Amino acid sequence: MGNKTWVAIDNALKLLFTIKDYFPLKQNTKYVYEGIGNEFASYSVLVDYIVGNRIQLRTNNGGTEIVKVLENKNGKLTMLLSRAECYYRENLTNSPISKAEILLKEPLIKGTTWTLDNNRKRYISNVEVQITTPLGKYKALEVTTTGKTTKILDYYARNVGLIKTIFIFNGSQVSSSLKKIENNVSFTQSLEFYYPNVNGINLNFVEKQLIFKTNDITKIKIEAAYKVLPKSNISKVLSPNAKIKSLYLNKDGMVYVDFTKELVSEMNAGSGYESMILQCITNTFGKYYGINKVYITIEGSPYKSGHIEMKKGQPFIVDFKNSIELK
């Protein structure tokens with residue numbers, strides 16, 4: 001049901017809205033929710049990626065960051081993926097489905113019902129409900145989810161999206177209400193970039209701020225920032241022509257980063273200094289993804305140079321000893 005249609009209800013014509021009306025996909029937008037009843041009920045949501053009919057959202061409640069991928073397809077708004085403790089930025093819109101849960105289902109009329117896992121029932125319990133949030137008053141679609149001991153009420157407003165959630169459990173209630181919508185917003189992350197010191201002994205690291213708009217490619221942002229050398233006695237890690245071809249966290253728990261051949265051909269370093277450069281790369285990406293193994297390849301093949309040759313699948317190990325912050 002991709003287009004709005006008119007349906008006969010009680011002998012009258014009524015406009016039937018679609019999920020797109022109640023859950024629009026908007027780039028560079030931040031939604032801020034005010035919570036009552038729990039310290040983590042207040043949170044913000046940023047839009048990481050919009051690819052076709054899928055949107056990747058990043059939620060921060062002050063305790064953790066959760067990334068979710070939602071899809072609007074075939075008359076259903078479905079959460080395909082939910083990943084907690086996701087402090088790195090990566091396009092997960094095409095990742096394998098880890099948790100398929102229908103959030104909304106057409107027709108958007110009272111009585112539309114579907115079943116979730118654990119025998120929970122979700123249904124549209126009302127339409128045009130008057131809801132007040134810190135941002136304003138709305139006529140909202142009410143979606144109720146019932147479990148054995150819980151009840152959740154989600155409210156969606158046209159041209160806005162989710163405006164309020166009420167969670168009820170054992171007589172207690174926790175709510176999150178839309179407080180603010182910010183447009184043309186960027187997502188800022190702090191990354192530690194590691195560089196070899198010219199003394200040939202220590203590694204230095206410096207914290208840089210990366211600014212992302214919706215659909216910005218992380219590897220390109222990191223590559224550009226890495227090539228900007230701080231003013232100090234440090235050497236470059238990436239030559240001007242070296243590029244990151246791919247970057248991702250694999251299901252085996254290792255970060256995979258593939259470079260163009262220029263990483264090696266333009267390095268011009270002895271074995272000791274080359275080892276420092278590779279340790280810098282390993283530490284930088286290991287720190288960003290929060291892991292301790294980084295698999296570095298050149299044009300898709302295991303790292304190989306005149307001094308160092310790695311086996312297929314053999315990672316470099318994160319090691320922060322002898323690393324000094326550059327101030």
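The values are calculated or read from the model by the stated rules, or taken from the named source; none is laboratory data. Bear in mind that the values here come from a model prediction, so they are computed numbers and not experimental data. All Cβ positions, glycine included, derive from the backbone under ideal geometry; neighbour counts span all protein chains shown. Heavy atoms of the whole protein, side chains included, go into the accessibility calculation; ligands, DNA and RNA do not. Shrake-Rupley method; radii C 1.70, N 1.55, O 1.52, S 1.80 Å.
Shown here for the range 15-78: GluC sites (Glu not before Pro) in loop regions (DSSP other than H, G, I, E, B) with at most 13 other Cβ atoms within 10 Å, namely Glu39. A crude spin-label estimate for the pair Trp114 and Ile181, with each label 7 Å from Cα along the Cβ direction, gives 2.3 nm. With each label modelled as a point 7 angstrom along the Cα→C-beta vector, the Asn250-Lys121 pair spans 4.7 nm. The mean sequence distance of close C-alpha pairs (under 8 Å, at least 6 residues apart), as a share of the length of the range 113-189, puts its relative contact order at 21 percent.
Inter-label distance, Lys26 to Asn170: 3.8 nm, where each label sits 7 Å from its Cα along the C-beta direction. Just so you know, the Rg over Rh for the range 89-173 is 1.01, from Cα atoms, with Rh as the Kirkwood radius.
Where does helix 271-289 land angle-wise versus the long Cα axis of the chain, in degrees 0 to 90, nearest 10? Long axis of 271-289 versus the principal axis of the chain: about 10 degrees.
Solvent-accessible surface of the chain, averaged per residue with a 1.4 angstrom probe and all protein chains in place: 51 square angstrom.
Looking at the chain alone, DSSP beta bridges between its own residues are antiparallel in about 90 percent of cases.
For the residue pairs Lys30/Lys327; Lys68/Lys227; Lys227/Lys251; Lys261/Lys312, the C-alpha atoms sit more than 22 angstrom apart in Lys30/Lys327; Lys68/Lys227; Lys227/Lys251. For the chain, the carbon plus sulfur part of the accessible surface works out to 49%, probe radius 1.4 Å. Taking a virtual spin label 7 Å from the Cα of Ile36 along the C-beta vector, which residues in the range 122-154 bring their backbone nitrogen under 16 Å of it? Those under the cut-off are 130-138, 153-154.
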